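Engineer: The following block contains the structure, expressed as structure tokens.
The values are calculated or read from the model by the stated rules, or taken from the named source; none is laboratory data. Since the model is a prediction, treat every value here as computed from it, not as a measurement. Please note: Cβ atoms are built from the backbone with ideal geometry, for glycine as well, and neighbour counts cover all protein chains shown. The protein model used for the area step is the full one, side chains on, heavy atoms only, and it has no ligands, DNA or RNA in it. Shrake-Rupley method; radii C 1.70, N 1.55, O 1.52, S 1.80 Å.
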Amino acid sequence: MEDGIVWDDLSSWALNCLYGIDLPAGESGGYLHDDEQVRAWLAELRKRRAM
């Protein structure tokens, strides 16, 4: 619990995945996590949510 907010496990997992998603990977102009990785997280989120 931080700042009086209680996160359920799924929300906490999703937020941890997305933390820093917009960080640049370097001078190439890309991001630390590519679209494929983000799509995989979305698929995993949907799978976990359906449980």
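Engineer: Could you state the per residue volume, in Å³, of the convex hull enclosing the Cα atoms of the chain? If you can, show how the numbers build up before the last one.
Structural biologist: Values: hull volume 3.5 nm³, N = 51.
Taking only Cα atoms, the chain has a hull volume of 69 Å³ per residue.
Engineer: Sticking with this structure for a sec: Could you state the angle between the C-alpha long axis of helix 9-18 and the longest principal axis of the C-alpha atoms of the chain, as a value from 0 to 90 degrees rounded to the nearest 10?
Structural biologist: 10 degrees
Engineer: Mind giving me the FRET efficiency for Val38 and Val6? R0 is 25 Å, r the Cβ-Cβ distance, nearest 0.05 is fine.
Structural biologist: On the way: r = 26 Å, r/R0 = 1.05.
The value I calculate is 0.45.
Engineer: Related question: What's the magnitude of the charge dipole for the chain around its Cα centre, counting Lys and Arg as +1 and Asp and Glu as -1 at the beta-carbon? Answer in Debye, nearest 20. Before the final figure, lay out each step's value.
Structural biologist: On the way: 5 positive and 10 negative charges, 74 e Å.
It comes to approximately 360 debye.
Engineer: Sticking with this one: Between Ala50 and Asn16, how many nm apart are label points set 7 Å from Cα along the C-beta direction?
Structural biologist: 2.3 nm
Engineer: Expressed as a whole percentage, what fraction of the accessible surface of the chain belongs to carbon and sulfur atoms when a 1.4 Å probe is rolled over the protein heavy atoms? Could the numbers behind the result be given before it?
Structural biologist: Working: 2430 of 4600 Å².
Answer for the chain: carbon and sulfur cover 53 percent of the accessible area.
Engineer: Could you work out how far helix 35-50 tilts from the main Cα principal axis of the chain, as a 0 to 90 degree angle to the nearest 10?
Structural biologist: Helix 35-50 sits roughly 10 degrees off the main axis of the chain.
Engineer: How much mean residue ellipticity at 222 nm does the chain get from its helices, if each DSSP H run of length 4 or more adds -39500 (n - 2.57) and you divide by all residues, to the nearest 500 deg cm²/dmol?
Structural biologist: Working: 2 runs with 26 residues, N = 51.
Only helices count here, giving -16000 deg cm²/dmol.
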